[in-house]
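Structure first, then comments.
Just so you know, all these numbers are worked out from the coordinates, no wet-lab data involved. Only a predicted model underlies this, so the values are computations on that prediction, with no experimental measurement involved. Counting neighbours? That spans all protein chains shown, and the Cβs are built from the backbone with ideal geometry, glycine included.
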Amino acid sequence: MKKLGACLVVALAFFLVATALPAQEAVSRSSAWTTSTTPSQGEPRGYVQYTNDCSMCHGEGVGKPGTLALQAKYKGAVPALLDKRTDLTQALIKQYVRNGISIMPIFRKTEISDADLDAIAAYLTRNNKP
Amino acid sequence: MRVPPGVSASDFAEAIKQFQEAVGKEWVFTSAEDVALYRDAYSPLMGEPNELVASAAVAPDGVEQVQKVVKIANRYKIPIYPVSTGKNLGYGGSAPVLSGSVVLDLKRMNRILEVNERNAYALVEPGVSYFDLYRYIQEKGLKLWVDVPDPGWGSPIGNSLDRGGGYLMPQYRNHFDSHCGMEVVLANGEVMRTGMGALPAAQTWQEYKSGFGPWIDGMFSQSNFGVVTKMGFWLMPEPDAYLSGTVIVPRHDDLIPLVNTLNYLENTRVTNGMPDLASPLLGIPMLSEFAARFDQGATPFDRPQDAELTALIAKAGGNMSPELDDYAQKKGIGYWSCKLSFYGATKANAANWAYAKEKFSAIPGVKFEEGDVYKLPLTAEQREKVHKPQFGIPSLAMFSIGARSAMNPEPSTGHMWFSPIIPRTGEAIFEANRVFAQAAKELGLPFLNFNLPSTYWERAFIFIFAFPVVKDIETNKKNVASFRKLIQVAADHGWGEYRTAPVFQDAIMNTYSFNNHALLHFHETVKDAIDPNGILSAGRYGIWPKHVREAKS
Amino acid sequence: MRLPPGVSSADFADAIKQFQDAVGKEWVFTSDEDVDLYRDSYSPFWHEDEEPIPSAAVAPDGVEQVQAVVKIANKYKIPLWTISTGKNLGYGGSAPLLGSSVVLDLKRMDRILEVNDKNHYALVEPGVSYFDLYRYIQDNNLKVWIDPADPGWGSLIGNAVDRGGGRTPMRDHFDAHCGMEVVLPNGEVMRTGMGALPGSKTWQQYRYGFGPYVNGMFSQSNLGIVTKMGFWLFPEPEAYLTGTVSVPKRDDLGPLVAGLAYLMNSSIVLGTTSVASPLNFLRGDAELAALRAKPGGPSTQELEHYLQEKNMGYWSIELPFYGPAKVVAAQWEYAKEKFSGIEGATFKEGTLHRFPVDPKELPQFQNSVAVGIPSLSVFGVGGTRSEGHVWFSPIVPMTGEAVLEAQQVFADAYKEMGMSIGPLFFLGPASNYPRCFLVLFGFPIEHDVEKNKKNRENFKRLIKVAAEHGWGEYRTHTAFMETVMDTYSFNNHALRRFHETVKDALDPNGILSPGKCGIWPKSMRKASA
Amino acid sequence: MKNARVGLLLALSLMITAPAFAAPDQDQIEKGHKVYDKWCFPCHGTGLGKPGTDSLAARGQKPAVLEERTDLTVPAIKTFVRHGVLFMPMFRKTEVSDADLDAIAAYLTRNNKP
């Protein structure tokens, strides 16, 4: 229970400031990735979550089917890398994560919590023009 | 809200309340929107009324919580369906076999309890993924490799219980075989440890598999006899070096001695990585280069763009033809090839490869290509270049097979794997191709001209191929029907599937029918004894609890 | 004639008649003289009334006959104790755990059904011994090895289902099996793995089949009678080489064992090795005896010095390498490199043998089991006055620390029990299993009631001492099965209670091997605490 | 009870001197040789790692190899096979049948002086 409480607090805190992304956020993750690396201390949470949950398919480099698929779909009209995009909306991101698309499957809340998804959405829309 | 079969709405509401007390309100999912996240993203029944879906999901965060959930389920006779990471796409994902079951989602139990470098093992919970374990090991700088399956987001526990495979040395790439020690919550809610773990002060739970008395771990693989909450795995020490080399043979019939020699070399541990069969002539790529070809913007099918060859292949229709043999000889293209991998000391790798060449030299016209030599660990640059699972690095690259790409502009929405086990002989490969090509013709399926098996297991082949899942219900229906026919065709030839998606589990278990289904009846006797209320994973791998069997008959 | 517990003499007489109808009169043994042949030659109860002697023995010659016998046993609730070759001496031999059981002797089922030297496997019946299969392979000139247990008259099936170990790369015998045929307690015959698929082409090539993998349930158990079993064989390699690594100091054991674990886990060393010390072989040496006689015993430095003077290491391991001649040389070179980090380590290369081995070389092998040739040389262990032995066989971690700790703990326990010990107390912990050490102590059996009583008490005490330190027995004599199973008690004996639930469901009459590994049928179970 | 019986049997077998018997035929001896090779040689043969031979040698028995003996009697052989001695276990009739045992005895007594 203590753990859940901490998580909720972090989630709430994040929600309040999500529009203006804090440069430094204390990442006190305790649920989904207790056992894994965070990219480096002090990175924004959305970046951390994106790295852990999305980049193995949508990242840079070889063997990234998500990036390949978007390259094939848009043929360079928009960047194939999700985190270079400036046209994604938070609603759309959530739609894909929770419903899947093509061979991208659905992600459950035990994999990517709503709070994590908010953070990812915030990260991927950080450079959007207002 | 959907209610599990045979459970009253009021009982279910009561159970949900108790689940909430057990795991916390936020970890019981009942809204249609949340429960939909547990659908099988690759379900061939997607959108049909008989799609297999959950009524709710419960996500405990520890073994005590699992025990509580199981006890509540017993009280109200609620079918529950454990998933670990729920990412075995193509084999069922996170959806239950019995619609209306409550999914027991173990993803939150993602603790890495121990990684021992000196004795090379790990003890983990079911929610730990290959990515998690890999990152943990990297972060600690341990000289250990994890044998990963193609999709790195899978769970070592889930994959091994489903008896999946990988790429490293034989004893590691057979994932169930590489486990050592289990903790299981039984259907009555009791927690049990197997092997040396049953000894309260055990020092060797992850070092000796079978303990004392009957060794029952296998009962919890591909089954519904318990919820595995911890499991140990033997890891591979990082080798000194890696070497690969490719053997190329010129004629169709050379596949037979190629496989025989390969078996000798693999069974004596001369080559100790996953052998990789291919056909330069027919354009069948190596498994280890399959995904990389998408990155190169090419199709995975790699053969000379030559009209004469295309015509000859079409004419041969998957069979032996002297013209194809002649063409291969004339153009100097190998008919078959096999890439061998060697993990070990630099000099031993070289000596093993030299010996392998000597053995293959008995095949007239054989050629050899020197492959990669890496002193390990890999440099950052090498890591980008290699087929990652062969170096214990998890990846998702294999999903390129179905994703949109240059050669696949209209991607599928998923796939289901047809995966029969065939003998490890060249003759069996030829026969399987003949049989399945004939069946495909009869079923009106588009098929590759020839299929080569995978070599995840050291003593048998898997003749695996993917059926696409698409958005169109009619096409899916037809594919499901064809899949069922192929199960029977395979069984008629003595080939059984090693694993399958829930939709086909009954059909496949039915083919394992020796002596009037003695094995299934045995499972049912055990099931009724240890899970009298039939709450765990009803129907998984064809094993149904008594009340469902009686209702069916 | 003895009667099985709870069976009337009229019923038993009927059953015997029916057994005779099933297997032939000459293969049902009821005379005292014949039944005595089923006694455990190494029984720790010799000359005592508790010695479990069977009431009769039945020897079927095929799976249908086994089924018939099991069905008769069910009708009259007669306990059957199954043996294959009955030669697991030190672990119970051919005698039952429960006195007056009927022994089901499968020795006559000794058919070698298939040996495939392209895919390297064999399919055999339970009466086939290592000697039998070895001869068959030699006679047919097949290029495959078997992995014999130390005593070559053992059964491949019996040893594997007892989870015995050997010395070659296929030495984990249960792990090396592939596919079973089992007669269940209800008399039905079942095949596991791919064997459940009628007409299967891969029964001996893929273990698991589809659905739960149940084979392990039939090892060290009483849930079924295994009537056929497949085994993976090692193809004859080109060569075999051994190399011995010796290290000078007691504390070098840690890095020595760590290096060994690395080589084994990397498949560089593929066979059994044991940690040895010359101190065990120099017991008769006067200088060592003098050192040991010192009050408080010799210090580690004194022992190290003593060995140094003799130009001997404190510890050594002999590493076996299997493979092409050039490869085994390269592996040995690599191993030397790995161990050269230990200061003062010395290396001695053994003879390289090429296969097939020249018969003239055979006498060079003290124990030919390491190259797949069955033998009985292990029986030299008892010495010339021994009347048998029972094995105490705990599993300890594969670390130097664990070995040193186990030596200390068991030496203290021996002292406390007034038993004599050598300087290091036990012979080498061995890597018969890939990831741990097996420590074997042969407890002598004598035909002396008082000594045996004392030894049994000591044996039970050692089981408990081991368990307290987290070391469990991997296998034990029938006399100690209950005590050992008692130590595997996690969560109030959850594992045994699970076995009991399964036992009751599969064998409601409790006819198969009651008491095996501490698993009793409901009717004979002690009220649980 | 049973143990007393064994003792008696042993005693009897040792007391009885080899009775006069008809010389066994050559077929029987050859069969006995085969059975001996299968069941006795691994422990009582020549070469390294033969505990039966080692044990008899350590006791001062000459020759230590059973096949070279000329002083064994048929009842003694049968007693040892059916009752064991020291660490040699007894053998069941499913292993060495009575007919096989007769043959072994014939083989091992083939060179006895009449």
- Task: Working from Cα positions, state the angle (0 to 90°, nearest 10) between the long axis of helix B:473-492 and the longest principal axis of chain B.
- Result: 70
- Those GluC sites (Glu not before Pro) in region D:30-114 that DSSP places in a loop and that have at most 12 other beta carbons within 10 Å: none
- Query: Put a dot 7 Å past each Cα toward the Cβ at B:D492 and B:H521; how far apart are the dots in nm?
  - Reply: 2.7
- Tell me, how many Å apart are the Cα centres for region D:70-111 and for region C:450-473? 36
- Distance (nanometres) between label positions extended 7 Å along Cα→Cβ at C:A290 and D:R110: 5.6
- To the nearest 0.05, how large is the calculated FRET efficiency for B:A201 and B:A362 if R₀ is 51 Å and r is the Cβ-Cβ distance? 0.40
- Note on the structure: What helix-only [θ] at 222 nm does the protein assembly as shown give? Using -39500 (n - 2.57) per DSSP H run of at least 4, over all residues, to the nearest 500, the answer is -10500 deg cm²/dmol
- Query: Which residues' amide hydrogens lie under 5 Å from the amide hydrogen of B:Y81, considering only partners 5 or more residues apart or on another chain, with H built in the peptide plane?
  - Reply: B:V102, B:V103, B:L104, B:S537
- Taking H as built 1.01 Å from N, whose amide H comes closer than 5 Å to the amide H of A:G59, not counting residues under 5 places away? A:T67
- Which whole-Hz ³J(HN,Hα) couplings does region B:74-85 yield from phi under the Karplus relation 6.51 cos²θ - 1.76 cosθ + 1.60, θ = phi - 60°, glycine and proline marked x? 5, 4, 9, 6, 9, x, 10, 9, x, 10, 9, 8
- Express in whole angstrom the spacing between the alpha-carbon centres of region C:481-525 and region B:15-49. 39
- Based on Cβ point charges of +1 for Lys and Arg and -1 for Asp and Glu, what charge dipole magnitude is obtained for the protein assembly as shown about its Cα centre, in debye rounded to the nearest 20? 1520
- Message: If the only charges are +1 at each Lys and Arg Cβ and -1 at each Asp and Glu Cβ, what is the size of the charge dipole of region B:24-78 around the Cα centre, to the nearest 20 debye?
- Response: 400
- Return the FRET efficiency for the residue pair B:A406, B:L378: r is the Cβ-Cβ distance, R0 is 25 Å, and the value is rounded to the nearest 0.05. 0.35
- Message: Between 0 and 90 degrees, rounded to the nearest ten: what's the tilt of helix B:9-23 against the longest Cα principal axis of chain B?
- Response: 70
- Message: Cut-off 16 Å, label point 7 angstrom out along Cα-to-Cβ of A:N99: give me the residues of region A:112-130 whose amide nitrogen falls inside.
- Response: none
- Task: Compute the acute angle (0 to 90°) between the alpha-carbon long axis of helix B:307-316 and the principal axis of greatest extent of the alpha-carbon atoms of chain B; round to the nearest 10°.
- Result: 60
- Item | FRET E, pair B:A466, B:Q20, Förster distance 30 Å, beta-carbon r, rounded to 0.05 | 0.15
- region B:169-202 and region C:296-312 have their Cα centres apart by a whole-number Å value of 43
- Message: Suppose every Lys and Arg Cβ carries +1 and every Asp and Glu Cβ carries -1, with no other charges. What dipole size does chain B come out with about its Cα centre, to the nearest 20 debye?
- Response: 340
- Extension gain from B:N50 to B:K478, taking 0.36 nm per residue of separation minus the Cα-Cα distance: 152.6 nm
- Query: Looking at C:V28, C:Y76, C:A57, which one has the Cα that reaches farthest to the positive end of the dipole of region C:9-105 (charges on Cβ: Lys, Arg +1; Asp, Glu -1)?
  - Reply: C:Y76
- Amide H neighbours of C:C178 under 5 Å, counting only residues 5+ apart in sequence or on other chains, H built in-plane at 1.01 Å? C:G230, C:F231, C:W232
